[in-house]
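Single-structure report; data block below.
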Amino acid sequence: MAMLEIKDLEVCYGVIKAIKGVSFEVEQGEVIALIGANGAGKTTILHTVTGLIPSAAGSISFDGHDLKKVPAHKIVSMGMAHVPEGRRIFQQLSVFENLMLGAFTCKNKEQIQSDLKKVYGHFPRLEERKNQVAGTLSGGEQQMLAMGRALMSRPRLLLLDEPSMGLSPLLVTEIFDIIKEINEAGTTVLLVEQNAKKALEIADRAYALETGRITLSGKASELMNNEAVKKAYLGE
Ligand code: ATP
């Protein structure tokens, strides 16, 4: 049984069908990339998985549980954390306070301390800046904080929406190295990205989405050498 199983998913905004029968799976331990151009429906899929948008048809199961029956606020405690596009950190609060908000499902102080240590291990810059007001962090640091906050909920599955957005090439490389490191430490990752090159570099498998449909799928290493992928997504 796959950790996340999406079958024949359809999602509509009013009369417009944004997702037109999408199926894919995420196995435990994998990094899966969902690549696609602007408006392909990547964010819509993540929002449907986390219960923010209802589906019109199809099924989504996490560890064998039908997510349609789980309210959005319960999904975090099931072991899934979502880092939305645009980061949405609490701008007025400090870095430390933002991280603590990620730990809201945990009551054990020792566990919180040890999770915090792990997060600072992945993101030393957050420790250096723990008392800084989050709104004054750079774009890359805000991305790190959003990911760190998600990790504080001890997710088994981390959903990342466009972590490269607005970042310099150097920072993109740094963030993607950390995503790989987080995966190697045991967290399964579903990564939604327009930066197909970077996403395919760290993913095990990938799916390409075009106007609400999956058009290609396979091992990331194979897709990287696929002529259609090169032309459409890698600018080669
Ligand atoms: P991007 O990379 O630009 O974020 P995306 O692949 O994440 O794109 P979505 O944001 O999921 O794409 O959008 C998929 C389609 O659904 C687009 O045509 C978009 O205009 C439409 N859409 C998204 N949100 C809404 C909404 N709230 N109401 C109506 N249409 C929407």
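Couple of notes before you dig in:
- For the residues V49, V95, V76, V26, the requirement of being in contact with a strand residue (DSSP E or B) (Cβ under 9 Å, 6 or more places away or on another chain) and at pLDDT below 90 singles out V76.
- Given (1) aliphatic (A, V, I, L, M); (2) surrounded by fewer than 21 Cβ atoms within 10 Å (Cβ to Cβ); (3) under 12 Å from the mean Cα position of the chain (by Cα), index of the condition L151 fails: (2)
- Some residue of the range 172-181 being touching a residue at least 40 places away in the same chain (Cβ under 8 Å), in a helix (DSSP H, G or I) and out of contact with any strand residue (DSSP E or B) (no Cβ under 8 Å at 6 or more places or on another chain): yes
- Residue selection: I182 fails the criterion of being touching a Pro at 6+ places or on another chain (Cβ under 7 Å), under 21 Å from E85 (Cα atoms) and surrounded by 16 or more Cβ atoms within 10 Å (Cβ to Cβ).
- D63 meets all of the listed conditions (1) closer than 29 Å to K231 by Cα; (2) surrounded by 16 or more Cβ atoms within 10 Å (Cβ to Cβ); (3) among the acidic types (D, E) but one, namely (1).
- Checking each residue in the range 1-21 for being within 15 Å of the ligand (Cβ to nearest atom) and either within 23 Å of P155 (Cα to Cα) or not charged (D, E, K, R) (or both) picks out I6, L9, V11, C12, Y13, G14, V15, I16, A18, I19, G21.
- Scanning the range 173-196 for residues being within 16 Å of the ligand (Cβ to nearest atom) and either out of contact with any Gly (no Cβ under 8 Å at 6 or more places or on another chain) or under 16 Å from E30 (Cα atoms) (or both) gives a total of 6.
- Counting only residues that are without any contact (Cβ under 8 Å) to a residue 24 or more places away in the chain and of a type in the set (G, A, S), the range 194-234 holds 3 of them.
- The residues of the range 215-236 that are within 16 Å of the ligand (Cβ to nearest atom) and crowded, with 21+ Cβ neighbours inside 10 Å amount to a single one, Y233.
- E210 surrounded by 23 or more Cβ atoms within 10 Å (Cβ to Cβ), touching a strand residue (DSSP E or B) at 6+ places or on another chain (Cβ under 9 Å) and acidic (D, E): no
- Selection status of E5, among the charged types (D, E, K, R), at negative phi and crowded, with 18+ Cβ neighbours inside 10 Å: yes
- Which listed residue is more than 15 Å from H82 (Cβ to Cβ), part of a helix (DSSP H, G or I) and out of contact with any Lys or Arg (no Cβ under 9 Å at 6 or more places or on another chain), from A228, A208: A228
- In the range 102-127, the residue that is farthest from the chain's Cα centre (by Cα) out of those that are within 14 Å of A81 (Cβ to Cβ) and among the small types (G, A, S) is A103.
The values are calculated or read from the model by the stated rules, or taken from the named source; none is laboratory data. All values derive from a computational prediction rather than experimental measurement. Don't worry about glycine lacking a Cβ; one is built from the backbone with ideal geometry, like all the others, and counts go over all protein chains shown.
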